[in-house]
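Novice: Take a look at the following structure, please.
The values are calculated or read from the model by the stated rules, or taken from the named source; none is laboratory data. All values derive from a computational prediction rather than experimental measurement. Heads up, the Cβs are rebuilt from the backbone with ideal geometry, glycines too, and the neighbour counts pull from every protein chain shown.
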Amino acid sequence: MRGIIKFIIALLLAGMSLFTYWCNTQENEFTGQKQHVDMTVQQEIALGLQAAPEMTQQYGGLHPDQQAAAKVKEVGQRLVQSTDVKASPYDFDFHLLADEETVNAFALPGGQVFITAGLLKRLSTEGQLAGVLGHEIGHVVARHSAQQLAKSKLTQGLTGAAAIATYDPSDPASRTGAIAAAMVGKMVNMRYGRQDELESDRLSVRLTGEAGYDPRAMIEVMKVLEQASGGAGGPEFMQTHPNPGNRVAEIERAIKEEYPDGLPEGLQQ
């Protein structure tokens with residue numbers, strides 16, 4: 001009897017998780033894609049603004065080099081103002097973080113974009129900086145954070161249901177099923193993360209070209225990231241980011257699709 005009750009509870013939890021996920025659907029005005037998200041743009045903006053101070057402190061605060069910080073803002077705003085991003089509801093702001101050792105860039109939901117000094121000093125051209133910032137802008141306009149949150153809630157609900165259905169306190173061996181369910185859920189979310197990264201690479205190709213930068217600079221950025229990682233980071237399927245070397249082929253494909261007749265002359269490197 002107890003097993004039947006557990007099974008019913010698990011089914012109800014799984015059904016509720018699936019219903020909530022599939023019923024919260026919105027069309028992304030920038031990409032045109034149907035997305036499963038359960039927060040508004042205004043909530044995204046508020047969440048990003050709330051998280052920005054804490055994230056800044058994690059990387060040692062803002063960098064004191066005002067000239068370098070101004071360049072980051074200048075390139076970021078050029079990408080926004082020269083493209084369709086200008087018409088998006090997001091209020092973009094670009095920040096240079098003081099951390100000289102960490103090689104990273106990220107975007108919070110709503111338009112707060114960050115790059116560490118550790119990554120900036122490894123970039124050799126303005127076009128490469130534009131490629132990095134364009135990638136982060138892509139995350140924002142594609143609403144990847146909102147998507148990830150909705151997907152995370154779904155997988156947590158499903159793995160929770162699986163754990164309830166398989167776990168028996170009187171049978172220690174049943175813990176294996178619960179642990180396996182949790183691992184599957186984690187790896188599913190990692191897969192979503194890699195797909196988001198590749199989509200942002202494609203959006204960066206589009207945005208940098210429209211803003212007058214050579215999108216091939218993104219290929220050089222991948223080389224920088226690969227060197228920074230030492231060329232090794234474990235199996236790709238266990239990482240949230242695709243291997244930089246594997247992203248090059250996708251970027252080259254995106255450039256060919258965006259410019260089937262070849263890149264125009266005069267793009268800034």
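Novice: Within the stretch 85-139, count every residue that is hydroxyl-bearing (Ser, Thr, Tyr), surrounded by fewer than 17 Cβ atoms within 10 Å (Cβ to Cβ) and within 21 Å of residue 202 (Cα to Cα). Write out each step before concluding.
Specialist: Restricting attention to the stretch 85-139, the residues satisfying the condition of being hydroxyl-bearing (Ser, Thr, Tyr) are 88, 90, 102, 116, 124-125.
Going one step further and asking which of them are surrounded by fewer than 17 Cβ atoms within 10 Å (Cβ to Cβ), we end up with 102, 124-125.
Narrowing the set further to residues that are within 21 Å of residue 202 (Cα to Cα) leaves 125.
Qualifying residue count for the region: 1.
Novice: Take the residues in the stretch 30-76 that are among the charged types (D, E, K, R) and more than 24 Å from residue 213 (Cβ to Cβ), then tell me which one is surrounded by the most Cβ atoms within 10 Å (Cβ to Cβ).
Specialist: Here the residue is 44.
Novice: Right, next: Tell me, yes or no, whether the stretch 142-150 has at least one residue that is of a type outside the set (Lys, Arg) and within 22 Å of residue 219 (Cα to Cα).
Specialist: Just the residues of the stretch 142-150 that are of a type outside the set (Lys, Arg), to begin with: 142, 144-150.
Still in the running and within 22 Å of residue 219 (Cα to Cα): 142.
Looking for residues that are of a type outside the set (Lys, Arg) and within 22 Å of residue 219 (Cα to Cα), one finds at least one in the stretch 142-150, hence yes.
Novice: Give just the number: which of (1) at pLDDT 80 or above; (2) crowded, with 17+ Cβ neighbours inside 10 Å does residue 243 not satisfy?
Specialist: Failed condition: (1).
Novice: Run down 105, 117, 69 and say which single residue is touching an Asp or Glu at 6+ places or on another chain (Cβ under 6 Å) and farther than 13 Å from residue 136 by Cβ. Even if it seems obvious, please write down each step before you answer.
Specialist: Values: 105 fails: farther than 13 Å from residue 136 by Cβ; 69 fails: touching an Asp or Glu at 6+ places or on another chain (Cβ under 6 Å).
Only one candidate qualifies: 117.
Novice: Another question, then. Suppose we filter 160, 212, 177, 234 for residues that are among the small types (Gly, Ala, Ser), modelled with pLDDT of 50 or more and either farther than 29 Å from residue 110 by Cβ or surrounded by 17 or more Cβ atoms within 10 Å (Cβ to Cβ) (or both); which single one remains?
Specialist: Among 160, 212, 177, 234, only 160 is among the small types (Gly, Ala, Ser), modelled with pLDDT of 50 or more and either farther than 29 Å from residue 110 by Cβ or surrounded by 17 or more Cβ atoms within 10 Å (Cβ to Cβ) (or both).
Novice: Let me ask another. Which is under 22 Å from residue 217 (Cβ atoms) and not aliphatic (A, V, I, L, M), of 61, 127? Walk me through it before giving the result.
Specialist: Values: 61 fails: under 22 Å from residue 217 (Cβ atoms).
The unique qualifying residue is 127.
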